[in-house]
Every structure is written in C-alpha cells, then in structure tokens.
Ligand code: AMP
C-alpha cells in the first residue's frame, strides 16, 4: 500500500473555537441568563478569550488534570459553552449531568464518573445542597454566576465570574491524541442504571463536520440557530460544536423553555433554525395559537428524540410555513444518525405523499453504517418494509460503554445494537417502528406502537398518546392506548377508536383506551412507558375473556 503524503494533524475541539474566534469573532452568542433573566450577548472571540481564562482557572486553582471529569448541571448559556471548550481543551472530560433526573440518580452518575468538580446554574442551588454530601470525589462546587447573584447554600463553593477575573488571560491550547476522551454523557436510564457514552475529540469534530453539511443539520455563517435541546442532552445534538465550525450565530434559551419565552427569543434574534424534542414544539404551538404570535424568521425546525407526530408537522408547515425535518439518533451516536430531508425526485409528489416521507426518521448520513437484522441475526433487505433490529457502526458511535457497562449492546462483528426496531428503504430512509422492548407482539405478529401513537395524536382532542403491549388471555399481548386529552376537551374511547379505524390495520386497533391527566415524562421529555406499564399493570381489557386460568405472562 502506498502511504498518502498528507499532514497527520489531530482533530481537536479547541480548534473549532479558535477558528470561530479568528474568522467569525464578532458573530454573536446570545444567552438568556438563568441567574438574572437578562439577555447576554458577546462574540465568538469573547467566548474564546473567556474560555482561555477558564482553562487557566481549571488547571490552576481547581487543579484539573488531563483525563479528569468535570460535571456541569446547567442550561444552555454562554458560560456552559465556555465550559464545553475549556474543559475538553485542557484535556479533561466534560460530563453533562441531566438535572431532570432524580437527585439520587445524579449522585449516582457523578460518583460513577468520579467527577473532580461540579459547575452549576443558580437555579440548581437546592439540588446541589441536597446532593453535595453524597458526591465524594468532588473537590470544588462552582456557581455559574457573579458575586452579586451567588446563591446562599450550605456547600462550600467558588463563583464562576470571580474565578475568571482572577485567572490569567493567556492560554495555549495543548495538542494531544485526537482519540483522547473529551465528553461524557449518560443515557436517560429509563430502564436499569444509566450508562456513559465517552466521546473523543476526533468523534466530536467529525460529528460536527458531518452535522454542518446541507442535508444534515445544515449550518453556515448565515445560520441563527437556537438549540432548545439542552446541552445536557447529547451535547445539544452537537450544535455548540457545529456552530463554531460554521461561524453561526447561536441563541441560547437558558432555563426558560416555555412557548412564550421561545417565541420572544425567536422573534427578537431573528432565529432561522431551531432544534428540539416534540414536547417543546407542542408547548410552543399551543402558545402561538393562543396568542396569535408567529415565528416567521424560522426556516427550519429539526425535531428528534422521539417520533415527530403528523399533526405537529402539518400544523407548523401549514399554519406557520416552517420546514419540518425529523432527525434520529441517540446518546451513544453523538447523536446524529439520520435526518429527514426530501430528495429532488420527491419534488413533484403531492403534499400528503411528502408528509409520508417526512414521517420516516430520516436518511442515513455519511459516517453512519446501518443494518436491520431479524431475531436470528440475518441482515434484512433494504425494501422499506422488512423491520428488524437496527445496528449501527461509525466513527462517532461508541465502541463500548464507559467503565465497561452493557457489553451485550455490541455484536461480535463490531456493530452497536441501538435497541430500535425499524426498516430501511432503497434511498436510505430509515423508519423506526419501535424500541425493541416496546414492540407489541399480538399472536406472534408485531404491531408498531409508534404508528398507533402517531395516528392517535392526529385526533383533535388528543395532546399526547402512548401505546404499549399489555397481557391478553388469547393473544399474549394486545395494544393498550393511554391518552392525555388537550385542555378543556373530553374525548371518548369510541371517538378515538373510530378515528384510528381509517388509519391503521383493523387488527392493530387498541383493545383498551384509557385517559390520564398528565403523561409521565422522563428526564429528556420522552413518555415513560415503564411508568405507564406500572400504573396499568392490573388493567383488564373490557372485551377479553379472562375466565379459565391465569393470564399468560408477556410473550
Ligand atoms: P437518547 O439517547 O435519550 O437521545 O434516546 C435515543 C432514542 O430515542 C433512540 O434510540 C430512539 O428510540 C428514540 N428516538 C430518537 N429520535 C427519534 C425519532 N426521530 N423517532 C423515533 N424515536 C426516536
């Protein structure tokens, strides 16, 4: 083999920031601050300068060494950006804890990560007081604010702005092996203990390069991007890195994620691209409809994290002229795997046909290799209908979990088992039909809980819907649909069943439809089916015959 004669320069996260500071220094990062509620604005050059000071504070008074873990419990703000770059930049690992987790779960992950320092937004002061004494490895707690707004807590702490003003200005970002660890994010942990995905400099920079391309997130210097997806949820889908690479303007919503606050920021900053999970867009839509306000500057909403409901897609597209795209990925994939942009050949399709394609999870992006396999491990054809277990591999997909958790998630031939079930078509569009554990198996046949939920969400009175398999005396499992009605509505089970009848095969129609006031949501805004299964564990389908013996266990 003839060796190429190109420079072997490492892919370093700090270089993204250096590039943005040098070439897009005045391009703004605007943040709604959790401590004062004010809008803070500065440019990429300021972000770089303050990150250098922070690097000096980390390596000086805080004694952070290469490889150490530093935890953040924080919203999307410029300070969190500085931590992203400075912590990785000094060779340490930024561990973004999800504050919506149960406090003892946060303790668990901080201890598991053996974090040396925790930086927190003032809104989380009570949480810090509750967990600090359990976090044995943490030497420093830092409030991400100034002296005037520092919270009064029992735990000994430093103040972010004071650390920065006392730190030296100059810092040269070291160059080291691009495969060194840079970030750590734990999976939501709705089942079992959370597992850590440990990203490297190389994986992060490659993911940023891919995500900036036109058919992925698509960011350039003309981008005014608001990641509503939190920086504690898979690095806000990589936006803080891709935006630096492209020199985009960033708008950080801080702690205020309600419809009104989001709309105000979008309008005020002329945001043209927003990213987040469906629950956020549901809240915003409700506000827009009630207030008559608009989001006219937005060209595109990228929605991911759970399936995009058709009703939401149509509402934003038809009422607000917004291009809706769906992305699919996961913590273990940095997270992007697919994005649902239409192809030129789809141009002449009818509106309804286009919607059908947009409801798929999206097209495979370069760098993510994917296969669907059946229960016996046979690779299924890419025919857009043969659903199987989705496996992936690629340079920004984990090769193992942090500290060796979950070895069963990896195949012997080097693929990662996503736990999703779906099919792939000949254009590379992937459609998720279920999580492996959520597949409804009725008489041995698979029913897609996601399709049922999406169909139910189209009913005018349904705010949220979740379908799952529930034990049935004849069919092992049948679908049970749980619905949270929209405020001030009173849908009946019959009206929902009637509505579904035209949209899904007859044998998929749920045998039970139940109503709940508030859907249980997990730490990343997803419906907690585990909780629903618990709530309805003694439920009996109205028309099933339970006579003649015990109910069979789940098949
Ligand atoms: P997380 O690691 O918390 O981001 O969760 C990843 C999981 O969320 C995936 O494995 C999917 O089950 C689900 N998910 C993410 N995006 C989508 C999507 N667009 N449609 C359906 N499920 C999704």
Calculate how steeply helix 44-59 sits against the longest principal axis of the alpha-carbon atoms of the chain, using the helix alpha-carbon long axis, and give the answer as 0 to 90 degrees to the nearest 10.
80
Where the centroid of each part is defined by its Cα atoms, how far is the range 400-428 from the range 239-296 in Å?
32
Once both axes come from the Cα atoms, what is the angle between helix 201-212 and the longest principal axis of the chain, in degrees from 0 to 90, rounded to 10?
60
Over what distance in Å are the Cα centres of the range 49-97 and the range 461-537 separated?
44
Give me the three principal axis extents of the range 392-495 from the C-alpha atoms, as integers in angstrom, largest value leading.
50, 35, 33
The range 305-435: Cα Rg divided by the 2.2 N^0.38 Å rule of thumb:
1.12
In whole Å, what three semi-axes, largest first, describe the equivalent ellipsoid of the chain built from its Cα gyration tensor (square root of 5 times each eigenvalue)?
40, 26, 25
On the Cα set of the range 63-139, report Rg and Dmax in Å, please.
11.7, 30
For the range 9-199, convex hull of alpha carbons as volume per residue, Å³
115
Would you mind checking the tilt of helix 103-113 against the longest principal axis of the Cα atoms of the chain, expressed as 0 to 90 degrees and rounded to 10?
60
How large, in Å, is the range 440-535 by the Kirkwood hydrodynamic radius built from its alpha-carbon pairs?
13.5
Got a sec? How would 136, 540 order by Cβ neighbour count within 10 Å, fewest to most?
136, 540
Using all alpha carbons of the range 288-341, what is the percent of pairwise distances in each 10 Å bin, ordered from the shortest bin to the longest?
22, 47, 24, 7
Return the Rg/Rh value of the range 258-377, two decimal places, where both radii are evaluated on C-alpha atoms and Rh is the Kirkwood radius.
1.02
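None of the figures in this text is laboratory data; all of them are computed from the coordinates on show. A quick note: this is a predicted structure, and the numbers were derived from the prediction, not measured. Positions of Cβ are generated from backbone atoms using ideal geometry, with glycine treated the same way; all protein chains shown enter the neighbour counts.
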